[in-house]
Amino acid sequence: MQPPAPIPDAVPDVPLAVDLDGTLVRTDTLHENLLVLLKHAPWLLLLAPLWVLRGKAFFKAEVARRARLDVTSLPYNAEVLAFLREEHARGRRLVLATAADRGIADAVAAHLGLFHSVVASEAGVNLSGARKLERLREVLGTFDYAGNDAVDLPLWRECRQIIVVHATAGVLRQAQGLGRPVHRVFEPPPAGVRPWVKALRVHQWAKNALVFVPLLAAHKATQGGMAPRAVLAFIAFSLCASSVYVINDLLDLASDRRHPSKSQRPFASGALPVRAGVVLAPLLLGCAAALALSTLPLSFSALLAAYFVLTLAYSLRLKQVVMLDVLVLAGLYTVRIFGGALAVGVPTSSWLLMFSTFLFLSLALLKRLSEVRRLRQSNETSAHGRGYLAQDYEQLASLGAAAGQVSVLVLALYITSKEVTALYAHPERLWLLCPVMLYWVGRIWVLAHRGLVNEDPLVFALRDRVSYVVGAVAALVLWVAT
């Protein structure tokens, strides 16, 4: 995208009024405040109808007062900030003019240090549209105005210079239809499905392939009707998991924005509005529930509901509790295997559940190890929104490597059990799986110590050629043992 052309006749003595939500920041501060309340004090939302009855300005003020949004981590529009700094350096008077609560606006102005004054909603007056225009006329007289929405049309109609920021094509046409030049148009990011795919974390659906494990372990993949049910279970788990991912991202906006990679997530970066996530999460969950209830056993639907509750509890609180968080993560992997067994109607192997529990506990600890390693590199002492400290690195490493080795021990014990002889013609060949697994577990932990493993081990494995080779060798061993 080409940089916008400068305003041809902008002069320092004409103030520039700038909108906040959707213009200066790529989000809506009221929506973000509500999400903060939902995470930290959801019971207060029961009072929301009473606040609304006293007017929108009062509602905004109460939400802002109780939520205390961290404005330092908001997704500020880099192009607009650069433009404002240029104008500020020229000595131009900049005014933050917003319908957001005064407390939020003052905090933003103090954080940026660019604005000479602030006009915002306060004293029971919601400063939007015509009311904002009236206040700006009273305070500034003549002014230029930068906005992004149709509600800004009254201001564009009366201001000296029209500046459009990240507006939709329809709003831009309306602004251009006012009969005056529209200057300094900051284009929105290209539309497309990529932000939605990232929000759903489609690559994480690979975890849900665990629902096929009981079917394959029981050697019943070719029996009629079982494979389609496993596919339906995979889809149901994927939709349910994406619902939780969206909820997690909405509730973790502040933490994600402090993270070098998570800050690029669609909701944290402002690529998708938070209100879209509020609609998307229940829609995904509803689709998952409808699919499970209409096509799969009731026991699977009950397990899927338990999975959702547990993952939601993890997002809200459990991920902040040291060690309990990794146990829950390991349990969520194992639940997928158990769900696959319920979907196709095969008994659940206790060996399989034990093996998966220790293996996924190892991977969960590896994920935390990578996060703690990042803390050390950035000279931080603790992880925001987590219970771990930089000094926990060695303990996490020892626990995680040990859990990985125990998973291989469980595999070895399974190979010597009576269950194996009923499923495999050459069970002695399964011993080859042990060195294969020892190699993979040992290698991924060595690479983690070197800082070469992504914070999500699954993402690493999906991009790692060696992991694919290991998987192929393991599949070959199982085939020759059958």
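The values are calculated or read from the model by the stated rules, or taken from the named source; none is laboratory data. Computed from a prediction, not measured in an experiment: that's the story for all the values here. Because the Cβ atoms are built from the backbone with ideal geometry, glycine has one as well, and the counts that use them run over all protein chains shown. Surface areas here come from the heavy atoms of the whole protein model, side chains and all, with no ligands, DNA or RNA. Shrake-Rupley method; radii C 1.70, N 1.55, O 1.52, S 1.80 Å.
Observations on the model:
- Counted residues, segment 120-132 - those being assigned to a strand (DSSP E or B) and open to solvent by 10 Å² or more (accessible area, probe 1.4 Å): 2
- Hey, R173 surrounded by fewer than 22 Cβ atoms within 10 Å (Cβ to Cβ) and in contact (Cβ under 8 Å) with a residue 60 or more places away in the chain or not: no
- Here the helices (runs of 4 or more DSSP H) wholly within segment 14-111 that include at least 2 residues being crowded, with 17+ Cβ neighbours inside 10 Å are 29-40, 56-67, 78-89.
- One residue stands out among those in segment 276-294 that are touching a residue at least 12 places away in the same chain (Cβ under 8 Å), under 24 Å from H166 (Cβ atoms) and of a type outside the set (G, A, S): the one that is most open to solvent (accessible area, probe 1.4 Å), which is V278.
- Restricting attention to segment 443-481, the residues being part of a loop (DSSP other than H, G, I, E, B) and surrounded by 13 or more Cβ atoms within 10 Å (Cβ to Cβ) number 5.
- Of all residues making up segment 138-158, the number that are among the charged types (D, E, K, R) and without any contact (Cβ under 8 Å) to a residue 12 or more places away in the chain: 1
- Which numbered condition L353 misses (of (1) open to solvent by 50 Å² or more (accessible area, probe 1.4 Å); (2) free of Cβ contacts under 8 Å to residues at least 60 places away in the same chain; (3) over 30 Å from L38 (Cα atoms)): (1)
- Selection status of A305, crowded, with 20+ Cβ neighbours inside 10 Å, among the aliphatic types (A, V, I, L, M) and part of a helix (DSSP H, G or I): no
- Residues of segment 220-250 classified as closer than 30 Å to L69 by Cβ, of a type in the set (A, V, I, L, M, F, W, C) and open to solvent by less than 20 Å² (accessible area, probe 1.4 Å), total: 5
- Among residues of segment 257-275 being in contact (Cβ under 8 Å) with a residue 40 or more places away in the chain and assigned to a helix (DSSP H, G or I), the one that is surrounded by the fewest Cβ atoms within 10 Å (Cβ to Cβ) is R275.
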